[in-house]
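Data block below; observations after.
The values are calculated or read from the model by the stated rules, or taken from the named source; none is laboratory data. Values in this document were obtained by computation on a predicted structure and should not be read as measured data. FYI the Cβ positions are ideal-geometry reconstructions off the backbone, even for glycines, and counts take in every protein chain you see.
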Amino acid sequence: MTQSNDAVVADRLFETRVKDAWVDYNGHMNDAEYARVFSLAVEALMDQIGLDEAGRAAHGYTLYTLETHLCYRQQAHRGEGLGVEFVLLDVDGKRLHVFFTLRNADGELLATSEQMLMGIDVESGRPAPFPSAVSNTIEQQPRATGEWPSAAGQRIGIRRG
């Protein structure tokens, strides 16, 4: 486990590098690719909580993303190493409120993504409670205790005055 800038305990979940195809005409990682990296981190989280390919098939269960708030902090460049940390902000019987932090190899903050994920019964296509084995694994994941990361829970808007 690592300590974020906000002293919230987070877990390194996913690592990758900025691929050539992700670099845009400005010479840095395209904004859409940040979303891709966070999406891949959700898949890594699913694997970690028992909803990998075999787990999804066994439980007939998956996660859908309901909402995402992505904040860009610094540019990422071709070939640069990236790591995503995550922490649970909240959880109930069928939803996960998660916070992801994207950092480069030097530990510099590049972006954050706050997401609401919903557990879905694959057969019905409707929200459903987490299978008990998944729920038990979720309980073992790192949680924000006390203060949330400062970038979490923010709303978008033009600040005046």
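What residue, of Glu33, Glu15, Glu43, is more than 16 Å from Asn104 (Cβ to Cβ) and modelled with pLDDT of 95 or more?
Working: Glu33 fails: more than 16 Å from Asn104 (Cβ to Cβ); Glu15 fails: more than 16 Å from Asn104 (Cβ to Cβ).
Result of the check over Glu33, Glu15, Glu43: Glu43.
Only one residue in Ala54, Ala35 is under 11 Å from the mean Cα position of the chain (by Cα) and small (Gly, Ala, Ser), so which one is that?
Ala35
Would you mind stating whether Leu102 is touching a helix residue (DSSP H, G or I) at 6+ places or on another chain (Cβ under 7 Å) and closer than 21 Å to Pro149 by Cα?
On the way: touching a helix residue (DSSP H, G or I) at 6+ places or on another chain (Cβ under 7 Å): yes; closer than 21 Å to Pro149 by Cα: yes.
Taking the combined requirement at face value, the residue satisfies it.
Condition first: surrounded by 13 or more Cβ atoms within 10 Å (Cβ to Cβ) and under 19 Å from Gln115 (Cα atoms). Now tell me which residues in the range 53-64 satisfy that.
Those that are surrounded by 13 or more Cβ atoms within 10 Å (Cβ to Cβ) and under 19 Å from Gln115 (Cα atoms): Tyr61, Thr62, Leu63.
Sort out which residues of the range 72-99 are in contact with a helix residue (DSSP H, G or I) (Cβ under 7 Å, 6 or more places away or on another chain), under 27 Å from Asp24 (Cα atoms) and free of Cβ contacts under 8 Å to residues at least 60 places away in the same chain, and write them in order of number.
Tyr72
Right, Arg73: surrounded by 13 or more Cβ atoms within 10 Å (Cβ to Cβ) and at pLDDT 95 or above or not?
Considered against the rule, which asks whether it is surrounded by 13 or more Cβ atoms within 10 Å (Cβ to Cβ) and at pLDDT 95 or above, Arg73 comes out as yes.
Restricting attention to the range 98-118, does a residue exist that is surrounded by 13 or more Cβ atoms within 10 Å (Cβ to Cβ), in a loop (DSSP other than H, G, I, E, B) and in contact with a strand residue (DSSP E or B) (Cβ under 7 Å, 6 or more places away or on another chain)?
Scanning the range 98-118 turns up no residue that is surrounded by 13 or more Cβ atoms within 10 Å (Cβ to Cβ), in a loop (DSSP other than H, G, I, E, B) and in contact with a strand residue (DSSP E or B) (Cβ under 7 Å, 6 or more places away or on another chain).
Considering each residue of the range 19-74, count those that are aliphatic (A, V, I, L, M), within 27 Å of Ala128 (Cβ to Cβ) and assigned to a helix (DSSP H, G or I), and give that number.
10
Identify, please: which residue in the range 121-161 is among the polar types (S, T, N, Q) and either free of Cβ contacts under 8 Å to residues at least 60 places away in the same chain or touching a Cys at 6+ places or on another chain (Cβ under 9 Å) (or both) and is, among those, surrounded by the most Cβ atoms within 10 Å (Cβ to Cβ)?
Once the filter is applied, the top-ranked residue is Ser135.
I'd like the residue in the range 35-46 that is crowded, with 16+ Cβ neighbours inside 10 Å and in contact with a helix residue (DSSP H, G or I) (Cβ under 9 Å, 6 or more places away or on another chain) and, out of all such residues, is nearest to Glu114 (Cα to Cα).
Val37
Cβ-Cβ distance below 8 Å, separation of 6 or more or different chains: which pairs start in the range 53-68 with a residue that is more than 23 Å from Arg36 (Cβ to Cβ) and end on one that is β-branched (Val, Ile, Thr)?
Going by the 8 Å Cβ cut-off, the qualifying pairs are His59/Val134; Gly60/Val122; Tyr61/Ile120; Tyr61/Val122; Tyr61/Val134.
Out of all the residues in the range 109-137, which are under 14 Å from the mean Cα position of the chain (by Cα) and within 29 Å of His59 (Cβ to Cβ)?
Scanning the range 109-137 gives Ser113, Glu114, Gln115, Met116, Leu117, Met118.
What about Arg159, is it over 18 Å from Phe14 (Cβ atoms), at pLDDT below 95 and touching a strand residue (DSSP E or B) at 6+ places or on another chain (Cβ under 9 Å)?
Taking the combined requirement at face value, the residue does not satisfy it.
Which one is surrounded by the most Cβ atoms within 10 Å (Cβ to Cβ), of the residues in the range 76-95 that are within 26 Å of Lys19 (Cα to Cα) and of a type outside the set (A, V, I, L, M)?
For the range 76-95, the residue satisfying everything is Phe86.
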